[in-house]
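The values are calculated or read from the model by the stated rules, or taken from the named source; none is laboratory data. Keep in mind that what you see is a predicted model, and the values were worked out from it rather than measured. Cβ placement follows ideal geometry from the backbone for every residue including glycine, while neighbour counts extend to all protein chains displayed. Surface accessibility is based on the protein's heavy atoms, side chains included, excluding ligands, DNA and RNA. Shrake-Rupley method; radii C 1.70, N 1.55, O 1.52, S 1.80 Å.
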Amino acid sequence: MNIINFTEKWIPQAQMLVHEGYQQLRHQLPWFRQEIELPSMLSLVQHGLGVAAVEGEELLGFLSCYKAFPDAFHTTGVKGIFCPLHGHGLQRGQSTRLFEKLYQAAAAKWVEQGILSHAICLYEYEKELQNLFFMNGFGVRCMDLARENTPIPFSHSKLASYRPLHHEELAILLSMNNSLILHLGSSPIFMKFPPMTEEEFLKKNSEYFFYVAEVANQPVAYLRFGPEGENFACNAQPMIHCIGAYALPEYRGHGLMDDLLSFAADDLRQKGFTLMGVDCESLNPNARFYWQKHFMPYTYSLVRRIDDKAVQNIKE
């Protein structure tokens, strides 16, 4: 067995390994009913950052990533890579120990090029692989969750009323959106973003579905949905993703957000969306606990930050 560069030659076999991984997801969560076309892997080989374990002409496993990007996780001057869900695979029957060797070889390349933030997306069912990366200094940062868009019980509370929000009304959510930004910058999340202007907010959100909970005709919570997902599995069937949620603190813990989600799910089901997804930062405890009430995790994204001195030692 040899570990070599992951090149275009190995893409057909790599696609087979990725397809097997997706079939296991379908076994775990039958909501992902449809076969899908895998994304192109050319972007995973063109920069020479991937590795493959081979035996003769047989691919045993591979690990690759998109090209390096600057200011990883908003850290100025830190280059990062991301290995997507279709950026790795292991032949059935192979030990996860082989994957550790793949990461060792890939990480050597990455650090040599000054890439100090390493991120990878793994299926939730890949417990052994997750543990392997934990042992190599990774921690969970993000999670993707999904549910079949079946009815969510509605409490029929008279606390609030619920409705879709028309695009020309979006400006009324600017204050809550900026409160969400402040929340994301607080402990233990520490994701710092500047508040949005009204113009920025309207421009960014013109194509999304919004739903609001109102008390005395004033919005107290909202949900934002859009078509874009975080990985190729999201293309399996008509799937809509929650990509924004906020409730004023005084209206939390009363079932209001559950009812708003129930209302939104019903409306989206009528629009033809049979599957719902959401991605959240696992280091956001409010989001993590809430979304797991109604959705099931199916991927985790793990991140490791290499010490700056690693690059200094290479240069010396």
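The table below lists the values:
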item: Residues satisfying the stated conditions in the range 45-64, i.e. assigned to a loop (DSSP other than H, G, I, E, B), under 21 Å from Q94 (Cα atoms) and touching a strand residue (DSSP E or B) at 6+ places or on another chain (Cβ under 7 Å); result: G50, S64
item: Where Y123 falls short, out of the listed (1) at pLDDT below 95; (2) touching a Ser or Thr at 6+ places or on another chain (Cβ under 9 Å); result: (1)
item: Conditions (1) touching a residue at least 40 places away in the same chain (Cβ under 8 Å); (2) under 22 Å from the mean Cα position of the chain (by Cα); number of the one not met by H254; result: (2)
item: Selected residue (criterion: most open to solvent (accessible area, probe 1.4 Å)) from residues of the range 79-99 that are assigned to a loop (DSSP other than H, G, I, E, B) and on the phi < 0 side of the Ramachandran plot; result: R92
item: Considering residues of the range 223-251 that are under 14 Å from the mean Cα position of the chain (by Cα) and among the acidic types (D, E) only, the residue least open to solvent (accessible area, probe 1.4 Å); result: E228
item: Test result for F138, hydrophobic (A, V, I, L, M, F, W, C), open to solvent by less than 70 Å² (accessible area, probe 1.4 Å), under 29 Å from F295 (Cα atoms) and at pLDDT 95 or above; result: yes
item: Hits in the range 54-95 (condition: of a type in the set (S, T, Y) and in contact with a Gly (Cβ under 8 Å, 6 or more places away or on another chain)); result: S64, Y66
item: Subset of the range 258-292 that is in contact with an Asp or Glu (Cβ under 7 Å, 6 or more places away or on another chain) and assigned to a strand (DSSP E or B) - its residue that is nearest to F210 (Cα to Cα); result: G277
item: Selection from the range 205-244 of residues that are free of Cβ contacts under 8 Å to residues at least 24 places away in the same chain and under 22 Å from Y22 (Cα atoms); result: P227, E228
item: D307 being at negative phi, surrounded by fewer than 19 Cβ atoms within 10 Å (Cβ to Cβ), acidic (D, E) and assigned to a loop (DSSP other than H, G, I, E, B); result: yes
item: Given (1) more than 24 Å from N235 (Cβ to Cβ); (2) of a type in the set (S, T, Y); (3) open to solvent by 70 Å² or more (accessible area, probe 1.4 Å); (4) touching a helix residue (DSSP H, G or I) at 6+ places or on another chain (Cβ under 9 Å), index of the condition T76 fails; result: (4)
item: Selected residue (only one of I115, I120, I152 is open to solvent by less than 50 Å² (accessible area, probe 1.4 Å), under 30 Å from G272 (Cβ atoms) and among the β-branched types (V, I, T)); result: I152
